[in-house]
């Protein structure tokens, strides 16, 4: 691969999409200049139309083969940057129509077209491939074909909703479109999305052979139509059951999205309205209408915004404005093989890092190994992993009671008990067994990283790396920069987090760092609300079903552990005594034997596997709560929780500068707490309400409930200047 | 006659090979704690721990050499599998070696040779064996039936194949039920383990070779049982004092890796003459004295050591435990294979440039109590030296006080492919504790060989 310089970036479109003709085969070559991927931007579409004319006018061409020169990419889809900037409905319509017409023109070419796919073929790329007569692909890992549009809050708009069901049938197409999935080559072959899967090493040769074969057979056009292979498929496709299939798909979507995401529902409706229709024009019109319905919505804008935030993280180093080359990390040691330590060890080993765990007993090591086994074993049972991969991963984990292996370690992650003194003494002992440039990272959730760094002879090498529980599921890592942490160390941990499949956000040291600092006022408020209204289930549901949080505050407290919540709330109150108030229920809660999910007993009860059973009204008695005397409204409940978080976020962002941008707050909230992505994050949501309204409401609460609602100075000044968090 | 060999094979190299460190897994009697733990897992656990314990820079490793005798069908070159599972770079080569009971001494001596010659500087050597998992072998006739069924395409062929198998199975069950375990039979699957422990040249089981020695050297049943009880006592004491845990790393086993095995499962606290007296002779029911109790048990386990050229070891900041002074393998009558140590030791001593009286500590593998006791007698006998070895005087007496001081294979067990390394490891650790300068690790080898290695304490 050649690296592109800035000058080449403005390379001509003629070099990006061009035609080579040889022995009756027209090779349509894709190599978008100045970009790593091929995508459909307006200039690319224009250029495609030019090439299309060339093909039509060249009578020598009897078959067309479309290939990409990009590594691991066929076509990555439409240019999301363009979609992002569109606001007018007419522009959306134009964009969709131009794309649809291009796909139609390829479908209507007199000669057959073969899409030769090596790498990602997604979104518009997949829609293009669907408009071709044949699709063949390499067996490479990078080959992925599918329609992820709904993940951006839009629906396939270049004919994907119409052509995919035709090619692979109802069942499989709904699976792909509604979940925004891509499938690997093997699965694509199985469902008939591609006609042949070819070993990568012989792809070029075999593609030519495939094309010549078609020439030999008369170079006929072909339109693939799904044919049910077995009884089950026949039934799904049958007139009788089709409506049932749609109904079930809809129920599935609603269960997943709780109705907050319009795109999959619209996509489903489009498929339903157009499936098996022979009128292409009408079908595509219906698809375009659907696209127009969802694309301008806030949900889509927010999801696209999130997409770009994620893209930025991929490029970022963790140290803004600085380019730091970081070597990949090969050896990690973990202190403590408990829930967090074991989880971190499992994750690192999963991503190819050799991990050494250290704990105080062989029993503790065994628990860590068992936890890792269980996560991988589940994948083996679901055939997501074979037994060889399992053994390889498992074998990367080992444990001991001493510091054996620590000298070879690049990074030590500390995940022992949350106690500053113990942590400090363990850290100073650990450092003696490390090589000079090893990094020590703490997974503390509540203690000061700067203070802890004092136990390290070289605090530059010390950093926070805060994973969330359960480690293998929660995508956020807060990389906590202590007062002395060096840029290189931040960059290394930032990269390690990404290599471990996580989304890192760099935060400054401070009580609760970012995510817990914002969550705690919400949880504290939930306990105040409980004093007024004891309908725990109802209150939780307001946040989940109405607002879109993955869990309400009570359920979340159970998940975190009630003892941990109590402890952290107390720390928090100490840290911000000027404004944080906590309900009397906090100390009452610590007097009960309720620890939450971990002892199967909290606000809810759980079975031994941690599955939530039901609300446990015994908790009310334990807390000395009688029948509630009022019923809080949905509006007040949500405002008291969410506005409190917004208020705290404004302080964290502007006063304590825990993070530098509102994007980081939103990314951290979405990745760390599951804050509803369709709302774009906490501060995007705040902007949609407006600082003025938020301040006004906070003031109402302040006079009614107390100083904890006092709006921050920065929020007040935003309200006065009619400013927003973004821009 | 070993005399001719005493004239050959002294190294001209000035290089020195040291053992930096070693680790083994717990050993467990076959069919018990480790019966489901694959030999690769045993080997991997020991090797991974060794790499961690030494904080080894993996890129220094030139080769992995591992002894193994009962080649698992799914890990033909088990050394390569163990090396990769232990996280060693794919560029590092790996070989499995087989010299029966001395396979894991063969691995160390191969590594020693490669380092002495200057070809290599750093070798991971050891052995792994899971004797619980040696397979049964179908007899050919039965195998043909199974194959026929497996290849049957048409329904009728399948039914026919099934029926023939079924009728064969019925007669098989009948035959197995009515014949003695060691009696040959047409239908019974053969036990690979049993065949492996039978000499293919003279057709004697290893136990039968021990019976020969017991009779020829006039060793009574009581003496042998007393030897065995003593072995258990020493092993139990070594375990209780924590000595053995210095060389043992725990195994995390079971389907979910949550079962921890951190001690040998073999040595018995309550082993006694009375208990042993109740056992019947196994190999010669009428005139025999060798029982399952005074022989070593079939065992599962693994052991690994890190070999390095001395200068490199020092440059890496290591404090090696021992230096390899010399080694030898020698052959003798297969039916008296138990005397192997007497044949190989003089050559090893010669190559090391020392004599028996310089040796302060000895590990002589206890395949059978009778076999060790016969060795002791032969070692001390001028007559034996003159008649069998072609030497003028006895090789030298082996005093009980310096022999297998932490117990031997009768208690701890003898995983055939791993024992050689276990002997060396146990020896050099104890040499350090006792401040002994020179030690000898030696063992008899099925098929009629002996192996011996002379080691010098370095620290």
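The values are calculated or read from the model by the stated rules, or taken from the named source; none is laboratory data. Predicted model only: the values in this text are computed from it and were never measured. Here Cβ is always computed from backbone atoms with ideal geometry, including for glycine, and neighbour counts include all displayed protein chains.
A few remarks follow.
Yes/no per residue for (1) surrounded by fewer than 18 Cβ atoms within 10 Å (Cβ to Cβ); (2) at pLDDT 95 or above; (3) out of contact with any strand residue (DSSP E or B) (no Cβ under 8 Å at 6 or more places or on another chain):
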site	(1), (2), (3)
A:427	no, yes, no
A:438	no, yes, no
A:450	no, yes, yes
A:454	yes, yes, yes
A:458	yes, yes, yes
A:469	yes, no, yes
A:478	no, yes, no
A:487	yes, yes, yes
A:492	no, yes, no
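Here is a yes/no grid of residues against (1) modelled with pLDDT of 95 or more; (2) farther than 25 Å from residue B:231 by Cα:
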site: B:261; (1), (2): yes, no
site: B:267; (1), (2): yes, no
site: B:284; (1), (2): no, no
site: B:287; (1), (2): no, no
site: B:301; (1), (2): yes, no
site: B:323; (1), (2): yes, yes
site: B:334; (1), (2): yes, yes
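- Residue in the range A:211-221 that is surrounded by 12 or more Cβ atoms within 10 Å (Cβ to Cβ), in contact with a helix residue (DSSP H, G or I) (Cβ under 8 Å, 6 or more places away or on another chain) and in a helix (DSSP H, G or I) present: no
- The range A:358-391, subset surrounded by fewer than 16 Cβ atoms within 10 Å (Cβ to Cβ), in a loop (DSSP other than H, G, I, E, B) and in contact with a helix residue (DSSP H, G or I) (Cβ under 9 Å, 6 or more places away or on another chain), residue nearest to the other protein chains (Cβ to nearest Cβ): A:386
- Every condition in (1) within 23 Å of the chain's Cα centre (by Cα); (2) in contact (Cβ under 8 Å) with a residue 40 or more places away in the chain; (3) surrounded by fewer than 23 Cβ atoms within 10 Å (Cβ to Cβ) is met by residue B:217 except one, and the failing one is (1).
- Those residues of the range A:392-402 which are in a helix (DSSP H, G or I) and either at the interface with chain B (Cβ under 7 Å from one of its Cβ atoms) or out of contact with any helix residue (DSSP H, G or I) (no Cβ under 8 Å at 6 or more places or on another chain) (or both), in sequence order: A:395
- Identity of the residue in the range A:403-420, under 28 Å from residue B:53 (Cα atoms) and not in a loop (DSSP other than H, G, I, E, B), that ends up nearest to the other protein chains (Cβ to nearest Cβ): A:407
- Any hit, the range A:434-445, residues being within 14 Å of chain B (Cβ to nearest Cβ) and within 23 Å of residue A:501 (Cα to Cα): yes
- Taking the criterion of being touching a helix residue (DSSP H, G or I) at 6+ places or on another chain (Cβ under 6 Å) and not in a loop (DSSP other than H, G, I, E, B), the residues of the range A:171-195 that qualify are A:171, A:172, A:173, A:174, A:177, A:178, A:191.
Residue by residue, here is whether (1) crowded, with 20+ Cβ neighbours inside 10 Å; (2) more than 20 Å from the chain's Cα centre (by Cα); (3) over 23 Å from residue A:249 (Cα atoms) holds:
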| position | (1), (2), (3) |
| --- | --- |
| A:268 | yes, yes, no |
| A:273 | no, yes, no |
| A:276 | no, yes, no |
| A:280 | no, yes, yes |
| A:292 | no, yes, no |
| A:300 | yes, no, no |
| A:310 | no, no, yes |
| A:318 | yes, no, yes |
| A:321 | no, yes, yes |
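- Scanning the range A:321-335 for residues that are more than 12 Å from chain B (Cβ to nearest Cβ) and in contact with a strand residue (DSSP E or B) (Cβ under 7 Å, 6 or more places away or on another chain), we see that the one that is farthest from residue A:431 (Cα to Cα) is A:329.
- Taken together, the residues in the range B:245-300 that are within 14 Å of chain A (Cβ to nearest Cβ) and outside any loop (DSSP other than H, G, I, E, B) amount to 9.
- So residue B:443, is it in a helix (DSSP H, G or I) and surrounded by 21 or more Cβ atoms within 10 Å (Cβ to Cβ): no
- Within the range B:54-86, the set of residues being part of a loop (DSSP other than H, G, I, E, B), without any contact (Cβ under 8 Å) to a residue 40 or more places away in the chain and either away from every other protein chain (no Cβ under 14 Å) or surrounded by 21 or more Cβ atoms within 10 Å (Cβ to Cβ) (or both) comprises B:71, B:76, B:77.
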